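Comments concern the structure below.
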Amino acid sequence: MNGNFYKDEYMPQVNKIGKLTGYLGVLVAFTPALVLAVVYGIVPKPAALLTAFISGASAFGVLWFVEPISYFPVVGPAGTYMAFLSGNISNMRIPCASMAQVAADVEPGTEKGSIIATLGMAVSIIINVSVLTIGAILGTSVLAMLPDSVKAALNYLLPALFGALLVQFGMKMIKHSVIMVVIAFALYFAIGMGVFNWLPGASNWLGTLGCVFISIAVGIATLSNNK
Amino acid sequence: MDVMQIANGLPMWIACGIPVVFVVIQAVLFAKGAYSAGKKVGLSDEKMKKAMKSSAVTSIGPSIVVLSGMLSLLVTVGGPVGWMRLSMIGSVMFESIAAGLGTSAVGVTLGTDAMTGEALGMAVWTMILCSIGWVLFSTFAANKMDKIEHKLSKGNAGTLTTIASAAIIGVFSAMCASHLSKPFYSMLQKADAAAMSSSWHNLMACILGAVIMFILTQIANKKNIGWLKEWSLTITILGAMIITALI
């Protein structure tokens, strides 16, 4: 059966590649710091670095755990390995994985869906790196060439993308989506008003995590009602 | 030697190129694995190519947004580091905050004070140290979460599909709500006029994105226009962006 191939051959292979490249990737990430130290003799003082790290960890530490957990149901195991090494998850990897699934007409959460999501994500990483490489080489001249009105318009690209994607995926579960938007709005409004300020860094992680879990809970509840 | 000369020097380009190439290698490895696995579970070449094409088209817009964010990093930490950070692990918001935290620990405020060698080193180290948490945890947990999810749904494929679809809607309703709610709580907190105007514009872009997408999808489905389905996202984003900018 196909299921056996997926579970017994494909998944172990994904895990092998993922673990190897993930841990190696962490080491490779240090090359610029190493070159600064070896070539130029720039080594930060441990005390200052510790201060910076502690403030960084208290701002982002929760996200290290919360984001992989909340995005896992969407991107699957292969996607989890890839998305967190390449970054730009909510603004690029997830939209691309989801659009790939739409184009190939496969359901998310299935074996075919997970394979297509992996393909979509890999393509988006390659495109992203290409655009950034061209941009980095041409440098500031690219931005200088753009008129201010275009620069201002670029700020509206992401909200428009999110609105469009919500509709694209919400069309299949309209009632569910409407309920979720109302809940999400209330949650974000409360976060913005500072209701959750007693939770450390709540404004960074509570919104996404809350919405993903409430949405899954509502989804499972309505599924069992239908039966 | 001037700090920015170091930051933009050839050794730094090479040092930053290695991680970037590494990210691409990982993507290619996974893509190859997924492609051959796709064939075995009965996905046609045509379907998989369509999926990749659609993803490529979808990537372009957000990539340009990331690029415009990268340019602010080019000024502060130099081209190579900005390039590497946004190709690997990072996101624009995280990188600028982390870089700022690093330099401020040695008394340099990004964007106002001149960069020093010490501050550059701090920025680079802080960005790396604060970001590897994501990779370490996700690499460690990826195969374990799979088991947990299967246990939760007791191997029932239908439940798993519902969980995934609901999670996607959860993610995007969260992203939309962050833009939709901002003007309202900013107003209550008496934010300044510039901040209010940009948050209203974001709200409008988000709603326009939803409305245009809804109309295009309806037309494409009713009249069964294939190319419109493929390009609807691009048309929507561009349309919403332009209309918002004009108003």
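The values are calculated or read from the model by the stated rules, or taken from the named source; none is laboratory data. Bear in mind the structure is a predicted one, so any value in this text is a computation, not a measurement. Every residue, glycine as well, gets a Cβ built from its backbone with ideal geometry; the counts of neighbours run over all protein chains shown.
If I ask for residues that are of a type in the set (Lys, Arg) and touching a helix residue (DSSP H, G or I) at 6+ places or on another chain (Cβ under 9 Å), which ones from segment B:191-241 would you list?
Matches in segment B:191-241: B:229 only.
Of all residues in segment B:85-102, which are among the aliphatic types (A, V, I, L, M) and over 20 Å from residue A:80 (Cα atoms)?
Within segment B:85-102, B:93, B:97, B:98, B:99, B:101 qualify.
Could you run through segment B:230-244 and say how many residues are surrounded by fewer than 17 Cβ atoms within 10 Å (Cβ to Cβ) and over 24 Å from residue B:181 (Cα atoms)?
Qualifying residue count, segment B:230-244: 3.
Table: residues versus (1) more than 8 Å from every other protein chain (Cβ to nearest Cβ); (2) touching a residue at least 24 places away in the same chain (Cβ under 8 Å); (3) not in a helix (DSSP H, G or I).
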{"site": "B:51", "(1), (2), (3)": "no, no, no"}
{"site": "B:64", "(1), (2), (3)": "no, no, no"}
{"site": "B:86", "(1), (2), (3)": "no, no, no"}
{"site": "B:101", "(1), (2), (3)": "no, yes, no"}
{"site": "B:106", "(1), (2), (3)": "no, no, yes"}
{"site": "B:113", "(1), (2), (3)": "yes, no, yes"}
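Looking only at residues that are assigned to a helix (DSSP H, G or I) and among the polar types (S, T, N, Q) in segment A:121-174, which one is nearest to the chain's Cα centre (by Cα)?
Taking the candidates together, the pick is A:124.
Of the numbered conditions (1) modelled with pLDDT of 90 or more; (2) within 7 Å of chain A (Cβ to nearest Cβ); (3) under 14 Å from residue A:121 (Cβ atoms), residue B:58 satisfies every one except a single condition; which is it?
For residue B:58, the failing item is (1).
Okay, residues lined up against (1) of a type outside the set (A, V, I, L, M, F, W, C); (2) under 22 Å from residue B:36 (Cβ atoms):
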| residue | (1), (2) |
| --- | --- |
| A:36 | no, no |
| A:43 | no, no |
| A:57 | no, no |
| A:91 | yes, no |
| A:112 | yes, yes |
| A:117 | no, yes |
| A:121 | no, yes |
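State all residues of segment A:87-112 that are buried (at least 24 other Cβ atoms within 10 Å of the Cβ), over 16 Å from the mean Cα position of the chain (by Cα), in a helix (DSSP H, G or I) and small (Gly, Ala, Ser); if no residue qualifies, say none.
A:104
Residue by residue through segment B:88-99, note down the ones that are under 24 Å from residue B:116 (Cα atoms), buried (at least 24 other Cβ atoms within 10 Å of the Cβ) and at the interface with another protein chain (Cβ under 7 Å from one of its Cβ atoms).
Listed by number, the residues that qualify are B:90, B:98.
Are there any pairs, at least 6 apart or on different chains, whose C-beta atoms fall under 6 Å, with the first in segment A:200-227 and within 13 Å of residue B:159 (Cβ to Cβ) and modelled with pLDDT of 75 or more and the second assigned to a helix (DSSP H, G or I) and of a type outside the set (Val, Ile, Thr), and if so, which?
Sorted first by the residue in segment A:200-227, then by its partner, the pairs are A:216/B:166; A:216/B:167; A:219/B:166.
Would you mind stating whether residue B:203 is closer than 20 Å to residue A:187 by Cα and crowded, with 17+ Cβ neighbours inside 10 Å?
Yes.
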